[in-house]
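Participant: Input: one structure, supplied below.
The values are calculated or read from the model by the stated rules, or taken from the named source; none is laboratory data. For clarity, every value in this text was computed on a predicted model and none was experimentally measured. Virtual Cβ from ideal backbone geometry, glycine too; neighbours counted across all protein chains shown.
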């Protein structure tokens, strides 16, 4: 109810609303997304860094763990986006950085790269080039239109840039830096260029974690953990071939995330 207080030259309006339901849409408490907007509805974000949740949601090829967001008064509070991530991440909340970092560092589905160093010093070409060949099973339905990365901090370090804010360069807290070198085209194959490496104490390997964000031609995006291990074993290696590892190191295509790439482009 709206009451008008007419003062002759001006009027004042006062709204009288039910206690606990200021927007008068009949939705209250935890079911309400916005207390001040009638039948509030926000779609899932188009920008990945605005994602607020993860959920297991269907695709045309099966269920996959997907980033989500949005909110509808009295309805869903986490609608899926077109971004998919390995299934173990769905057991974390997006605000639980410790869980996300632990999941990224735990043996499971990821891209695994071993980077040679000369006792902690940068090796020159060709050992500084990391070649990543995406498995054939991923290539059957789609190709990548864009590849970017998102560094993950070490425990206790700030998350800069924000999660799912893709970059073309990875600068880590320990001094390591890896840049996107080029996209090899068909099948999402690409190379990385090592720009700097971390110091290695007594030859002990250093390990950094990131996320690889592959934008596919079918409209979906997949987010794959990237594990970089810097080792002191000399610079005689040829260009490093990074490998895809599965939860059991044998069944790499088992993760439900690949359902997103098996959907044919429209």
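Participant: Could you list, in sequence order, the residues of the stretch 235-266 that are part of a strand (DSSP E or B) and either modelled with pLDDT under 70 or more than 21 Å from the chain's Cα centre (by Cα) (or both)?
Facilitator: 240, 241
Participant: Could I ask something else about it? Being surrounded by 20 or more Cβ atoms within 10 Å (Cβ to Cβ) and part of a strand (DSSP E or B) is the filter here, so list the residues in the stretch 176-208 that pass it. Give the derivation first.
Facilitator: Residues of the stretch 176-208 that are surrounded by 20 or more Cβ atoms within 10 Å (Cβ to Cβ), as a first pass: 176, 178, 188, 190, 192, 194, 197-198, 206, 208.
Result: 178, 190, 192, 194, 206, 208.
Participant: Next question, about the same structure. Within the stretch 25-34, is there a residue that is surrounded by 18 or more Cβ atoms within 10 Å (Cβ to Cβ) and modelled with pLDDT of 75 or more?
Facilitator: Residues of the stretch 25-34 surrounded by 18 or more Cβ atoms within 10 Å (Cβ to Cβ): 27, 32-33.
From what is left, the residues that are modelled with pLDDT of 75 or more are none.
No, every residue in the stretch 25-34 fails to be surrounded by 18 or more Cβ atoms within 10 Å (Cβ to Cβ) and modelled with pLDDT of 75 or more.
Participant: For the stretch 40-49, check the following and say yes or no: at least one residue is modelled with pLDDT of 75 or more and not in a loop (DSSP other than H, G, I, E, B). Give the steps one after another, and end with the answer.
Facilitator: Narrowing the stretch 40-49 to residues modelled with pLDDT of 75 or more: 47-49.
Narrowing the set further to residues that are not in a loop (DSSP other than H, G, I, E, B) leaves 48-49.
Looking for residues that are modelled with pLDDT of 75 or more and not in a loop (DSSP other than H, G, I, E, B), one finds at least one in the stretch 40-49, hence yes.
Participant: Yes or no: the stretch 225-234 includes at least one residue that is in contact with a helix residue (DSSP H, G or I) (Cβ under 6 Å, 6 or more places away or on another chain), surrounded by 17 or more Cβ atoms within 10 Å (Cβ to Cβ), modelled with pLDDT under 80 and on the phi < 0 side of the Ramachandran plot. Break it down into steps so the answer makes sense when it comes.
Facilitator: Kept after step one, since they are in contact with a helix residue (DSSP H, G or I) (Cβ under 6 Å, 6 or more places away or on another chain), are these residues of the stretch 225-234: 225, 232.
Narrowing the set further to residues that are surrounded by 17 or more Cβ atoms within 10 Å (Cβ to Cβ) leaves 225, 232.
Next, only the ones that are modelled with pLDDT under 80 stay: none.
Checked against the condition, which is being in contact with a helix residue (DSSP H, G or I) (Cβ under 6 Å, 6 or more places away or on another chain), surrounded by 17 or more Cβ atoms within 10 Å (Cβ to Cβ), modelled with pLDDT under 80 and on the phi < 0 side of the Ramachandran plot, the stretch 225-234 yields no hits at all.
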